[in-house]
Structure formats: structure tokens, C-alpha cells
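Worksheet for the structure shown next.
Just so it is clear, none of the values below were taken in a lab; they were calculated from the coordinates. Because the structure is a prediction, the values reported are computed rather than measured. Cβ coordinates were reconstructed from backbone atoms using ideal geometry, including for glycine residues, and neighbour counts include every protein chain displayed.
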Amino acid sequence: MSQLGTLEDLPIGFRQGLTATNLVPLWPNLRGALPHGIPTRRTRPLLWRYSEIRPQLMEAGRLTPIEKAERRVLVLANPGLGLENMQATPSIYIGMQLILPGETAPNHKHSPSAVRFVVEGAGGFTVVEGERCPMEPGDLILTPSGLWHEHGHTGSEPVVWMDALDLPLVFALEASYCTEGEPQNIRNEPDASQTRYRRSGLVPWSGWMRPPTNYPLVRFPWRDVKAALADLASVTPRGEAVRLAYVNPETGRECLPILGFSAVQLRPGESLALPRHSASAVMNIVDGAGVAEIDGVQLQFEQFDTIAVPTHARVRIENSSSTKPAHLFVVDDAPMQRKLGFYEILANEALPPI
Ligand code: GTQ
């Protein structure tokens, strides 16, 4: 590969002329824009400890009333990308949201898509387009682009959930905005989409016979995901991943356009290399403890911790318990990359054991 010319090679007068006319020579920047073999990644493999997030979130609850916040969220910002940019990875925004008993987070809709993955507490709920979805720990609730959503809390303890949004991408496209609305009227039975689409492989006939809707199912209860993982584990040889994808039950495809979701069970003592791929990801530890090794960086994880995974990273995860399984919830931007035509599964060279 040849050595390309630098900016300094060029006479100062020529450079000044370019700048004055809003022109930039490509060749000094070519390798930066198109590096050989692997993208340049500023995203750091990083772990946010829930034991460090929680007390600060509760303090935010004391300091900032919900009216002053609308959404009381501490954002998990990757320092490699600049804290002020609020990116866990280049495309994924992650926040931990606290709602206290009796509070409501007002109705709105926005161009980015969001999901909630419940961490702790009972009695929280989200209303999505008039459908009231209960929020129990581990449940995934979709609030896709353009759908009205508001949150409330009828329980007695703090409720915390993880928000994942495609905000950084939509923001970079200068397409991110929000509309506020009046509180929604509850439109149908609570949790109606979950009632209709409860059983994998069975969908309401009336829905199936028309062109698929974008978001037929908006809540995926953890109870069912956990049970399905346990069933899958019983027929999956060790060394093979016990992993389920969250999909649109009418199309079998990803349930949101940009972000994708999956759940992993690590069996007792299991150490698993995830397929290396071109997507970035965030992992939330639903339960259990262990070690994640991401591009050689070792991160000890415990329940409710959150981990950022850069694009193209080598990832190995290990359950440190010899008796109990560990569960992880994974958000990635593979659906977007697939649509744009550059999603790849990459060679996973042998990884040394942790
Ligand atoms: O709950 O609707 O973390 O609109 C960021 C933006 C949560 C929400 C966030 C949002 C929300």
C-alpha cells in the first residue's frame, strides 16, 4: 500500500485557497475515512455498574421532580464518543430511567424509536397508542417511531428501566424531533397485543390475512423469554449459543427498523464466543455474574450492569457461577446495517480463554 501525500506536503497558499472556497483534499484524509480491513472505532468496550448508577439515579429522584425532567434519566455515555454526545455506541442511546410512585412521564411521540427493558420495581406501566402495557422486571416494551407513549407508576417502590433508542443515528441525520400530546385514552384491553400474539407460531387470523402491520406486538414479557431460553438450552449442545431473537410475529423479521434485540442464556460455567459481526451492541445483565472480554478488555459483570460493544469487536462472555444460569439482553444495530447492505458476520479467530 502506497504512502499518501499529507496536508503538509502542499504549499500553504494552495491550502488557504482550498479552505477559503470550502474545499478539502481527499488524499490526506483517505485512510481515515476508509481504513484498511477494520473500521476506526472510537467506541470503548465499557461497563457501567448498576451499583454505581442506582444511588445516583435515586439522588436524581430527590433532586429533580418529574415536572422538571419529563423523563428522569441518567444517560450511559461512552467516553470514547464524547460524554456530551450521549452515545453508548455510535447508533445506540442508552439511559436508565427512574419513575417514582404516583409520577407520570407525559405523553409524547418522536422520530427515533425507543424500547424499555425493565430493571427493577413493580407497578410501572407504559401506554403505547392507547394500549396500557404493564412493566415487570425483564419485560421489553416497544415504543416505535411516531407512536404516542407515556409512562406511569401505580406501585409503591421506585421503578427503573433501561431505555434504548436509535437517537444518535436519527439525530446525526438531523431527523430527530418530538411532539407533545394530551394524556392518551386507554384504547383497548390492557396488554392487548401480548394477549393476541402470546404464542409463537400462532397469530390472529384476521391480522395474518391482511398486509403485515409494522408493530403488532409491543410487549415481550420476560417470563416467557426466560422459559423459552430454558427450553432451548435443554436441546442446545454446550458451546453453541442459547440465544433468542425478538421478532415481529407477523413477518418473522426484526421488530424495529434500526435496532435489534436478543436474549442469551449462559449456562452454569459456560464460556461463549459471540459471532464477531459488523454491528455495535449493548448488553444488559438480567441476572447472574461473570466476565465479558471485548477486544481483549476484561469486564467483570454483575446483575443489571450494562456493557458497550463496538462494531467488529471480538466478544467472549463467561458465566462465573457453576450452579446458576446467567441471562443477558442484547441491543444491536444489525437491522439497520442489514437494510443498508453492509451487515457482515466476520471471521471469529480463535480467542484465548479468559
Ligand atoms: O421515555 O420517552 O431515555 O423520549 C429518552 C427520550 C426516554 C421516553 C429517554 C425519551 C424517553
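So how many residues does region 156-173 have that are more than 16 Å from the ligand (Cβ to nearest atom) and crowded, with 17+ Cβ neighbours inside 10 Å?
0
Could you list, ordered by first residue, the pairs with Cβ atoms under 8 Å in which the first is in region 197-212 and free of Cβ contacts under 8 Å to residues at least 60 places away in the same chain and the second is among the hydroxyl-bearing types (Ser, Thr, Tyr), at least 6 apart or interchain?
These pairs meet every condition: VAL203/TYR197; PRO204/TYR197; GLY207/THR213; PRO212/THR251.
Say we look at region 112-127 and pick out the residues that are within 12 Å of the ligand (Cβ to nearest atom) and out of contact with any Lys or Arg (no Cβ under 8 Å at 6 or more places or on another chain); which of these is farthest from VAL225 (Cα to Cα)?
Start the filter on region 112-127 by keeping residues that are within 12 Å of the ligand (Cβ to nearest atom), which leaves 112-117, 124, 126-127.
Now drop any that are not out of contact with any Lys or Arg (no Cβ under 8 Å at 6 or more places or on another chain), which leaves 112-117, 124, 127.
Details: PRO112: 25, SER113: 22, ALA114: 20, VAL115: 16, ARG116: 15, PHE117: 13, GLY124: 19, VAL127: 22 Å.
Among them, the one singled out is PRO112.
For MET209, only one of the following conditions fails: (1) within 16 Å of the ligand (Cβ to nearest atom); (2) surrounded by fewer than 20 Cβ atoms within 10 Å (Cβ to Cβ); (3) of a type outside the set (Phe, Trp, Tyr). What is its number?
(1)
Could you name every one of the helices (runs of 4 or more DSSP H) located completely within region 139-229 that has at least 1 residues being farther than 28 Å from ALA122 by Cβ?
Numbers: elements: 167-172, 192-196, 205-208.
Result: 167-172, 205-208.
To keep it simple, each residue is scored yes or no on (1) closer than 26 Å to ARG44 by Cβ; (2) touching a Leu at 6+ places or on another chain (Cβ under 9 Å).
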{"position": "ASP231", "(1), (2)": "no, no"}
{"position": "VAL242", "(1), (2)": "no, yes"}
{"position": "SER262", "(1), (2)": "yes, yes"}
{"position": "ALA279", "(1), (2)": "yes, no"}
{"position": "VAL282", "(1), (2)": "yes, yes"}
{"position": "LEU299", "(1), (2)": "yes, yes"}
{"position": "VAL315", "(1), (2)": "yes, yes"}
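Going by the conditions given, is SER176 within 16 Å of the ligand (Cβ to nearest atom), among the polar types (S, T, N, Q) and either closer than 26 Å to VAL286 by Cβ or under 22 Å from the mean Cα position of the chain (by Cα) (or both)?
Details: within 16 Å of the ligand (Cβ to nearest atom): yes; among the polar types (S, T, N, Q): yes; either closer than 26 Å to VAL286 by Cβ or under 22 Å from the mean Cα position of the chain (by Cα) (or both): yes.
Considered against the rule, which asks whether it is within 16 Å of the ligand (Cβ to nearest atom), among the polar types (S, T, N, Q) and either closer than 26 Å to VAL286 by Cβ or under 22 Å from the mean Cα position of the chain (by Cα) (or both), SER176 comes out as yes.
Look through region 63-110, keep the residues that are among the aliphatic types (A, V, I, L, M) and more than 15 Å from the ligand (Cβ to nearest atom), and return whichever of them is surrounded by the most Cβ atoms within 10 Å (Cβ to Cβ).
The first filter runs over region 63-110 and keeps only residues among the aliphatic types (A, V, I, L, M), leaving 63, 66, 69, 73-77, 81, 83, 86, 88, 92, 94, 96, 98-100, 105.
So of that shortlist, the ones also more than 15 Å from the ligand (Cβ to nearest atom) come out as 63, 81, 83.
Values: LEU63: 10, LEU81: 20, LEU83: 11.
The extreme case among them is LEU81.
Might you check whether a residue that is crowded, with 17+ Cβ neighbours inside 10 Å, among the aliphatic types (A, V, I, L, M) and farther than 20 Å from LEU147 by Cα occurs anywhere in region 242-255? Walk me through how you get there before you give the answer.
Here is the first cut: in region 242-255, the residues crowded, with 17+ Cβ neighbours inside 10 Å are 242-244, 246-250, 254-255.
Now drop any that are not among the aliphatic types (A, V, I, L, M), which leaves 242, 244, 247.
Subset that is farther than 20 Å from LEU147 by Cα: 242, 244.
Among the residues of region 242-255, at least one is crowded, with 17+ Cβ neighbours inside 10 Å, among the aliphatic types (A, V, I, L, M) and farther than 20 Å from LEU147 by Cα, which makes the answer yes.
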